[in-house]
């Protein structure tokens, strides 16, 4: 099921102004997690009638979707172990539903189980080649592993699934910045800002790209805007 535009996370960690593009952190993962909670809380009930029957057999069982919803709620509250258990239950009930693996992959990333998360994202994509969340999650892993070309491919696929996915534009821009493609990075980050004018991380990343490109004035403006949005 293609994902619609994701909610802007309530809070994001802020990179310092002296941020160096190759420095590794997990802000992109946090942004993805923050952005999907509401989507899954609502989507858990999509396809169900008032009698609890499914309109689409590919949407999973009622019990499985309830586990997915509980996992999303626990993830939002920071209960990672509880979320992991809920997503494990969802997978046990509906082993062929891609989004169950995608959500569990996000939890595993937060638990520093990078390769477990990668396996889950790969499984989600095998089950549903249009599972945009899995591409975005895998892209964030590949940035951390230095597999920048592959990360760009994943974020591009996520954008193909959902052209309004500002998080994947930001992720692809960050990957391009690390590769030294400042112009490409600025284009992607500007698109993320066009989609969500209050996306603080996109301003921060674009500021770094503009700084690398020698545009001190533009960089200062972006850093200032990012700080304002975080207040």
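The values are calculated or read from the model by the stated rules, or taken from the named source; none is laboratory data. Just so we're clear, the structure is a prediction, and the values are computed from it rather than from any experiment. Don't worry about glycine lacking a Cβ; one is built from the backbone with ideal geometry, like all the others, and counts go over all protein chains shown.
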Restricting the search to region 107-133, which residues are within 17 Å of residue 95 (Cα to Cα) and crowded, with 24+ Cβ neighbours inside 10 Å? 117, 120, 121, 124, 131
Of 154, 130, which residue is within 17 Å of the chain's Cα centre (by Cα) and outside any helix (DSSP H, G or I)? 130
Residues of region 157-179 satisfying the condition of being assigned to a helix (DSSP H, G or I), more than 28 Å from residue 95 (Cβ to Cβ) and within 15 Å of the chain's Cα centre (by Cα): 159, 166, 169, 170, 171, 172, 173, 174, 175
Tell me yes or no: at least one residue of region 40-48 is modelled with pLDDT of 50 or more and in contact with a helix residue (DSSP H, G or I) (Cβ under 8 Å, 6 or more places away or on another chain). yes
Having 3 or more residues that are assigned by TED's automatic domain parsing to the domain that holds residue 140 and in contact (Cβ under 8 Å) with a residue 60 or more places away in the chain is the bar; report the helices (runs of 4 or more DSSP H) wholly within region 58-112 that clear it. 98-110
Is it true that residue 166 is more than 20 Å from residue 60 (Cβ to Cβ), touching a helix residue (DSSP H, G or I) at 6+ places or on another chain (Cβ under 9 Å) and buried (at least 24 other Cβ atoms within 10 Å of the Cβ)? yes
